[in-house]
Amino acid sequence: MTPDRFDHDFWMESAGAYVLRAMPADEEQGFERHLTTCATCRDQVEELRAATDALALAAPPVVPSANLRARVMQVVEQEAALLRAAGPEADAPVRPVREKRRRLSLDWLARPALAMPAIVVLLALGALAGLAGAGALDSEPGMRSVRAEVNERVAPNALVTLEMKDGQGTLVAERLPEPPRGRVYQVWVKRPNLDPEPTSTLFAPRTDGSAAAAVPGSLDGMEAVIVTHEPVGGSPRPTSQPIMQVSPAA
Ligand SMILES: [Zn+2]
């Protein structure tokens, strides 16, 4: 019943799981042995590895890709766990096991040329579609509020406004999610013809999701206030796409 471990038919669907490191260790070793004898599988591993590397490069180095990766890995690991539970010596016929293996390799990994761009596009769309719904709000005397554009993919229910008075601004947020582990929200200011400049304002929401973060300096002539996820302690350069942004002049 146990397939010949050196049989290409047995291993041909394994490259995806192998590249994702989703195989049980003994199976991984078996596949690596097979790789030494099979150029076809070696080529497939190379191809998939290039595709996953490209995904890592093409995808913005941000939360969406981390979340996506986590979700993909969760599916892969669940399937791997199912496979392990079934056991290689399970009395089932070979065919169902092989169907499992096929799914475990994930369709999009098995066809990187088609599927990888789709995922990158998905991320890009998510980032773009999320930046919607800006607009000025009514305000009390002497204060002006402008609604920030929020990346809905990262903070789907967040409501963020820039409250301005006497040239000073404060970002006020509700329903803001916790930043990813080891990260905080960082405020950046963008002036015309300049790159976004980091500010010393780092923040995280309270447990109820609310937050207030002062924008250092004057808002006069400022093009945009931007917020990203950055490592605790802040970053001199943005390492994520904007989670939110708002133009004081809007
Ligand atoms: Zn092979």
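The values are calculated or read from the model by the stated rules, or taken from the named source; none is laboratory data. Everything numeric here is computed off the predicted structure, so don't read it as measured data. Don't worry about glycine lacking a Cβ; one is built from the backbone with ideal geometry, like all the others, and counts go over all protein chains shown.
Do you know which of the residues in the stretch 40-52 that are of a type in the set (A, V, I, L, M, F, W, C) and more than 8 Å from the ligand (Cβ to nearest atom) is surrounded by the fewest Cβ atoms within 10 Å (Cβ to Cβ)?
Filtering the stretch 40-52 for residues of a type in the set (A, V, I, L, M, F, W, C) gives 41, 45, 48, 50-51.
Applying the additional criterion that residues be more than 8 Å from the ligand (Cβ to nearest atom) yields 45, 48, 50-51.
Values: Val45: 19, Leu48: 23, Ala50: 13, Ala51: 21.
Looking at the filtered set, the residue picked out is Ala50.
Cβ-Cβ below 7 Å, separation at least six or inter-chain, first residue in the stretch 17-45 and assigned by TED's automatic domain parsing to the domain that holds Gln74 and farther than 18 Å from Gln74 by Cα, second small (Gly, Ala, Ser) and within 10 Å of the ligand (Cβ to nearest atom): which pairs?
Phe31/Ser14; Cys41/Ala15; Gln44/Ala15; Val45/Ala15
Among the listed residues Ala212, Ala224, which satisfies the condition of being within 22 Å of Asp166 (Cβ to Cβ), of a type in the set (A, V, I, L, M) and surrounded by fewer than 19 Cβ atoms within 10 Å (Cβ to Cβ)?
Residue meeting the stated conditions: Ala212.
For the stretch 6-31, name all the residues that are part of a helix (DSSP H, G or I), among the acidic types (Asp, Glu) and either surrounded by 13 or more Cβ atoms within 10 Å (Cβ to Cβ) or away from the ligand (no atom under 12 Å from the Cβ) (or both).
Residues satisfying the conditions are Asp26, Glu27, Glu28.
Hey, which of the strands (runs of 3 or more DSSP E) in the stretch 157-221, taking only ones fully inside, have at least 1 residues that are touching a residue at least 12 places away in the same chain (Cβ under 8 Å) and within 20 Å of the chain's Cα centre (by Cα)?
The qualifying strands (runs of 3 or more DSSP E) are 183-190.
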